[in-house]
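The values are calculated or read from the model by the stated rules, or taken from the named source; none is laboratory data. Treat the numbers as computed from the prediction; the structure is a model and nothing was measured. FYI the Cβ positions are ideal-geometry reconstructions off the backbone, even for glycines, and counts take in every protein chain you see. Quick note on the areas: whole protein, heavy atoms, side chains included, nothing else; ligands and nucleic acids left out. Shrake-Rupley method; radii C 1.70, N 1.55, O 1.52, S 1.80 Å.
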Amino acid sequence: MSIQVRSVDKFYGSQQALRSVSFSIAKGEVVGFLGPNGAGKSTMMKIITCYIPPSAGQVEVCGFDVHKEGLEVRRSIGYLPEHNPLYTDMYVREFLAFAAEMNGIKRPAGRVAEMIERVGLGVEAHKKIEALSKGYRQRVGLAQALIHDPEVLILDEPTSGLDPNQLVGIRSLITELGREKTVMLSTHIMQEVEALCSRTIIINRGSIVADEPTAALKSGRFGQEQVVEIEFSGPVEPQWLMEIEGVIRIESGEQGWKVYARGDRDIRPDLSNLAAARGLTILTLARKEQKLEDVFKELTAYTSRLD
Ligand code: ADP
Ligand code: MG
């Protein structure tokens, strides 16, 4: 396992920011850590990267304990903190050389050049960090996180505040990095995990409320609804549709029927059988996957109501 978190609690004074959080991330996975603001994402990431200790529970990174083997943990991790704090009055190369030295890298100049190439800093590399756009600053942050060639990347809201063009660039860079590294990235944006992550862990008010392959979340687990829109060549009795297993509700409109069903069993074959049995033809048929955004809203509804 690259990351193993067991029953972690975190208190800030009397306020509990994490409640018995457990999950593990295997080597090579790209996992999204999704939750609304204040859910506890940054707190969990700071614990994994040894910046703050947990109040209770165990965390291991590449088999090293954050409590007893902090040095090894830090060596195994590249960390891009939230808001990417950089020394803005330094030049890009100067900053990366500094980061390389801090990590005890033998030939820093070569490594810096390699990282500049790797994250696509190219033409911007001679500038001061303060002169860079937010997208390029994120590239500097990623280069810094990668400089010691860690196995695991922890990226805290790596695309927040980027404009759409910068967003595309940074997302494709993260996708590339995900081919080689274990990546855990946090976000409060559903589309982000849809775009980048094969697995999604949803955290809300300090507790894990879902941990699923991103595709499974989308296709309506947790007893949520699927909708099939269907148009038949002739009249259909509502009763015929309601008799299909899982169907909970139907609506008729100008474009035929909307059939709502619980669970993730596909009801389209049943509709096809129904048509055949009644001597009808299906004119149109479409199954709507539940959007991940809806799942997220439902799972974090309590917090959303407080916002
Ligand atoms: P997220 O990154 O998901 O937005 P955080 O981990 O930053 O959430 O915060 C989780 C909760 O812990 C929030 O209620 C936040 O106000 C609180 N918190 C975070 N850092 C501190 C701190 N240093 N002192 C006190 N409370 C904190
Ligand atoms: Mg945060």
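A few notes on this one:
- Solvent exposure of the chain amounts to 49 Å² per residue of accessible area, where only protein heavy atoms count and the probe is 1.4 Å.
- The mean of 1/r over all distinct Cα pairs in region 225-289, once inverted, gives the Kirkwood hydrodynamic radius of 11.6 Å.
- Length available on full extension from Arg118 to Arg265: 0.36 nm per residue minus the Cα-Cα distance, which gives 48.5 nm.
- Dmax and Rg, reported as Rg then Dmax, of region 65-223 (C-alpha, Å): 16.7, 56
- Gain on full stretching of the segment that runs from Phe11 to Asp65 - 0.36 nm per residue minus C-alpha separation: 17.4 nm
- Expressed as a fraction of 2.2 N^0.38 Å, the C-alpha radius of gyration for the chain is 1.24.
- For region 1-149, convex hull of alpha carbons as volume per residue, Å³: 128
- For the peptides 233-243, 144-154, the ranking by packing is 144-154, 233-243, with the highest mean count of neighbouring Cβ atoms within 10 Å listed first.
- Dipole-positive endmost among Tyr136, Gln226, Val247 within the chain (Cβ charges, Cα centre): Tyr136
- Sulfur and carbon atoms: percent of accessible area, the chain [1.4 Å]: 48
- Extending 7 Å from the Cα toward the beta-carbon at both Glu231 and Ala109 defines two label points whose distance is 7.0 nm.
- Calculated SAXS-style log₁₀ I(q)/I(0) at q = 0.10, 0.16, 0.19, 0.20 Å⁻¹ - region 1-89, Debye, Cα scatterers: -0.25, -0.65, -0.91, -1.00
- Cα→Cβ-extended label distance, 7 Å offset, between Ile248 and Arg287, nm: 1.7
- Using the Cβ-Cβ distance between Ser24 and His188 with R0 set to 22 Å, the FRET efficiency works out to roughly 0.45.
- Around Gly35: net Lys/Arg minus Asp/Glu count, Cβ-Cβ under 10 Å: +2
- Calculated FRET efficiency, Lys128 to Val168, Cβ-Cβ distance, R0 = 22 Å: about 0.30 to the nearest 0.05.
- Accessible-area order (highest first, 1.4 angstrom probe) of the listed residues Ser24, Ser14: Ser14, Ser24
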